[in-house]
Amino acid sequence: MRELARRGYNAEREAVTLLAGAPDPAAALDAAVETAPDDALRLTADHVRSVRSTDVPAASAPDATSDSASDATSDSASDAAPDAPDNDTTSDAPPEHPSVSTPASTTRSGAEGTGVPVETKGSEGDDESAAVPAADAETDSVSTPDGDPPERTVDVAGDVTGRSTGTGEYGDFVSVFRDRYEKLSGKLRGRVNHRPASAVADMPGGSDVAMIGLVNDVRSSANGHWIVELEDTTGTFPCLITKDRDIAGLVDELLLDECVAVEGTLADDAGIVFVDAIHFPDVPRTYRPNTADRHVQAALVSDVHVGSQEFMADAWGRFADWLHTDEAEAIEYLLIAGDMVEGVGVYPDQDEELDIVDIYDQYDRFSEHLKAVPGDLEIVMIPGNHDAVRLAEPQPGFDEELREIMSAHDPRIVGNPATVTIEGVSVLMYHGVSLDEVIAELPEEKASYDDPHRAMYHLLKKRHVAPKYGGHMRLAPEDRDYLVIEDVPDVFHTGHVHKLGYGKYHNVLAVNSGCWQAQTAFQKSVNIEPDVGFAPIVDLDTLDLTVRKFA
């Protein structure tokens, strides 16, 4: 594939496999390129078959060499607790905590009649994860040194694409919250002796109590104490957290609809629980992430926003050029966490800031910029809130028409969120709209736009990428909750807030990768300076992180 890219061609996966299986791959490639139509940019399997029909077995295939991986040295991201800062920042977050990518709006990306999926209803699919074997993942090299090329593997789990069944009826809401409760309570049952709300209500005063539930309400009492109402499948029960307890500081972290466990003692009248401890589903402190068996890297980017007048095309060009250099030779994966384009109708008067006003033309231009990166990269993309998909999360991947437009280098397009496992390293990709909610609800010292990775820590702690239902978030009720973080990821990659931030939470590498769009008029009005033109590079064999700047 690298040789194809050097010659200016992309190719279907099957075409790459056919070339690699030829008696003389180099000669087959020469013949395929020589006989390709003048206007062809993509070699098809049928074209390669026509060339290979004249194959003559070679007495011996010529030796070939490939570029060796560079010994890149990268800085390790530091360990940090959710309330500890671990990197410098460049701007102050506004007190109102608006979304940094767009003003508040009820309009959606794209235009009517574009075939965009409806907010909830979708189609039912089969398996929840799909493994991509080497031959189907654009991994076969046209010329290989003394044997087979390193095997690339891409597994995807938790992708709603093709599996959205919600209709917005009452039963769908019941199903998604029951599923959330069952999954997250299961992570807490080993830590407390849970009793359901109905059983707690029948216990005598003074009894020791432990209960797991979704946060139904948080309010303060006249004396400054906190009352947290928990709900499980049997009912609700109030819990009192006194202001003088050490755990009182945790109340500031609670979001409605998240799942927690409490331990305490029933009041004498058995009408409320005096809480002694609060537990979150959380990532175990003993978690040890997986790493690749060879030196290989992944570039993490997001929020390209092609179509905006502020899209930094020159910076993207420098990034794409750099990916062709020996210094970037170890980078074999490019993960893009949403907002490929600026969109149309995302917020009022957006058309005044557009360089390209047609949504399809925006994706055409994005595809041209994508063609500039090496053709042998394995590319994985998820949509964001500016992309032409439904706004409600989980978001299915793009429709077939947009997939065809963005077919350069045959990227793997999945839904938002999705867990992508590359070379054994699991990467939870989530665009990050809920970060606005977390930053707005939590105290500034615990979550801010200046340190977006710290807001990500709280999502890991809650084991859910969008705990609060309603508010600024649009959530689609499905038959199950796709937003639960069922398995601990090795890397958590988000975007949306246009700020660079990274660190480790309980050994999980959290990365918010900034953007490729200069400051918009809206961002200027709320005093937000975006971090533009950064490309975090992860060593998959060590999970060390290096940040490259191209703007």
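The values are calculated or read from the model by the stated rules, or taken from the named source; none is laboratory data. For clarity, every value in this text was computed on a predicted model and none was experimentally measured. Here the Cβ positions follow ideal geometry from the backbone for every residue, glycine too, while neighbour counts run over all protein chains shown. Heavy atoms of the whole protein, side chains included, go into the accessibility calculation; ligands, DNA and RNA do not. Shrake-Rupley method; radii C 1.70, N 1.55, O 1.52, S 1.80 Å.
Can you name every residue in the stretch 253-270 that is out of contact with any helix residue (DSSP H, G or I) (no Cβ under 8 Å at 6 or more places or on another chain), open to solvent by less than 40 Å² (accessible area, probe 1.4 Å) and assigned to a loop (DSSP other than H, G, I, E, B)?
254, 267
One line per residue, one yes/no per condition, for (1) in contact with a Lys or Arg (Cβ under 8 Å, 6 or more places away or on another chain); (2) surrounded by fewer than 21 Cβ atoms within 10 Å (Cβ to Cβ):
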position: 400; (1), (2): no, yes
position: 418; (1), (2): no, no
position: 422; (1), (2): yes, no
position: 428; (1), (2): no, no
position: 432; (1), (2): no, no
position: 444; (1), (2): no, yes
position: 447; (1), (2): yes, no
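Which members of the stretch 204-259 meet the condition of being β-branched (Val, Ile, Thr) and out of contact with any Pro (no Cβ under 8 Å at 6 or more places or on another chain)?
Let us first name the residues in the stretch 204-259 that are β-branched (Val, Ile, Thr), namely 209, 212, 215, 218, 227-228, 233-234, 236, 241-242, 247, 251.
Across the stretch 204-259, the qualifying residues are 209, 212, 215, 218, 236, 241, 242, 247, 251.
Would you be able to tell me the number of residues in the stretch 14-52 that are closer than 20 Å to residue 371 by Cβ, modelled with pLDDT under 75 and among the β-branched types (Val, Ile, Thr)?
The qualifying residues number 2.
Pick out, from the stretch 141-252, the strands (runs of 3 or more DSSP E) lying fully within it that include 1 or more residues that are surrounded by fewer than 18 Cβ atoms within 10 Å (Cβ to Cβ) and modelled with pLDDT of 95 or more.
Answer list for the stretch 141-252: 208-220, 226-232, 235-241.
A quick yes/no check of all residues on (1) modelled with pLDDT of 95 or more; (2) at negative phi; (3) in contact with a Cys (Cβ under 8 Å, 6 or more places away or on another chain):
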| residue | (1), (2), (3) |
| --- | --- |
| 460 | yes, yes, no |
| 473 | no, yes, no |
| 476 | no, yes, no |
| 486 | yes, yes, no |
| 492 | yes, yes, no |
| 496 | yes, no, no |
| 505 | yes, yes, no |
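Sort out which residues of the stretch 362-395 are open to solvent by less than 10 Å² (accessible area, probe 1.4 Å) and either under 14 Å from residue 299 (Cα atoms) or among the basic types (Lys, Arg) (or both), and write them in order of number.
Answer for the stretch 362-395, where residues must be open to solvent by less than 10 Å² (accessible area, probe 1.4 Å) and either under 14 Å from residue 299 (Cα atoms) or among the basic types (Lys, Arg) (or both): 370, 373, 374, 377, 378, 379, 380, 381, 390.
Scan the stretch 499-528 for residues that are β-branched (Val, Ile, Thr) and part of a strand (DSSP E or B) and report the count.
Final tally of qualifying residues: 2.
Residue 349 fails exactly one of the following numbered conditions: (1) surrounded by fewer than 16 Cβ atoms within 10 Å (Cβ to Cβ); (2) touching a residue at least 12 places away in the same chain (Cβ under 8 Å). What is the number of that condition?
Failing condition for residue 349: (2).
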